[in-house]
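Read through the structure below, which is laid out as structure tokens, and then see the notes.
Where a number appears in this text, it was derived from the coordinates with a stated rule and is not lab data. Note that the coordinates shown come from a computational prediction; the quantities given were computed from them, not determined experimentally. So basically every Cβ, Gly included, is an ideal-geometry build from the backbone, and we count neighbours across all protein chains shown.
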Amino acid sequence: MSNIRKAFENGKAFIAFITCGDPDLETTVRVVKEAVENGADLIELGIPFSDPTAEGPTIQGANLRALTGGVTTDKIFDMVKELRKDVTIPMVFMTYANVVFSYGAERFIKTCSEIGIDGLILPDLPYEEKEEFHPVCAKYGVDLISLIAPTSENRISQIAKDAEGFIYVVSSLGVTGTRSEIKTDLESIVKAIRTSSKVPCAIGFGISKPEQAKKMADISDGAIVGSAIIKIIEKYGKDSPKYVGEYVKSMKDAIA
């Protein structure tokens, strides 16, 4: 059984997204530990990329700050090794296909397995092209996480049937970022997923407030939050871990 399932074993999961190296890798380590101590069930670690097409201005800014600060994939791998001495909950990478390609897919995924990364999310990888990476992921026991968006429509059951780890349900069209209201008919999407798969599904994109997280977790198996956490890090910089911890606790308490 995938290690990612552990995130969903104790009720609704709170999944925190953090861009590696914003403002620096030392702060990222402290932010992750604070998030875990305050109830995060799974951590998504963003590997910065120069052209993050799925991201809104907040996460784009974090990518830019991290890259300007000299973050590399190898430095992130070393950071994860360090984190794994204390952090036992599932962790996944979220990045772009080009990052994996340019590093060398087999080398990248093998290293993920060796350092304790449980899954890989590639938002720019179409379902039809997942075979580019899936056989290598399967070889090394790294789940290739599927995304299902409001535009997936007729393909929902097909994507869900092949899914592993957890299913990332994209709440809204467009890029990441906090939204005051999420209007997509997510209940229908989750219902369609449930008929084809027993893999847990969590909703992300646009969630920033405890009441939104509760609403999304009530429909699905958990809530994913990124931009709201990145905004805290942007505001407080190296002092942000404590504030991220407080925020994660408020969100976890809302969905528990």
Using 14 Å as the cut-off for backbone N distance, which residues of region 38-73 belong to the label zone defined by a point 7 Å from the Cα of Glu9 along Cα→Cβ?
-> 41-42
With at most 12 other Cβ atoms within 10 Å, longest stretch of the chain clear of loop trypsin sites (Lys or Arg not before Pro) (DSSP) | 86-182
Within the set of other residues whose C-beta is less than 14 Å from the C-beta of Asp78, count the net charge using Lys and Arg as +1 and Asp and Glu as -1.
-> -1
Distance in nm between pseudo-label sites at Asp218 and Arg194 (7 Å out along the Cβ direction from Cα) = 1.4 nm
Once you have a ≥ b ≥ c as the square roots of the Cα gyration tensor eigenvalues for region 104-233, tell me rounded if a/c is under 1.5, and otherwise prolate or oblate according to whether a/b is larger than b/c.
-> oblate
Going down the table (Lys12/Lys235; Lys6/Lys110; Lys12/Lys130; Lys130/Lys209; Lys12/Lys33), which pairs top 26 Å between alpha carbons?
-> Lys12/Lys235; Lys12/Lys130; Lys130/Lys209
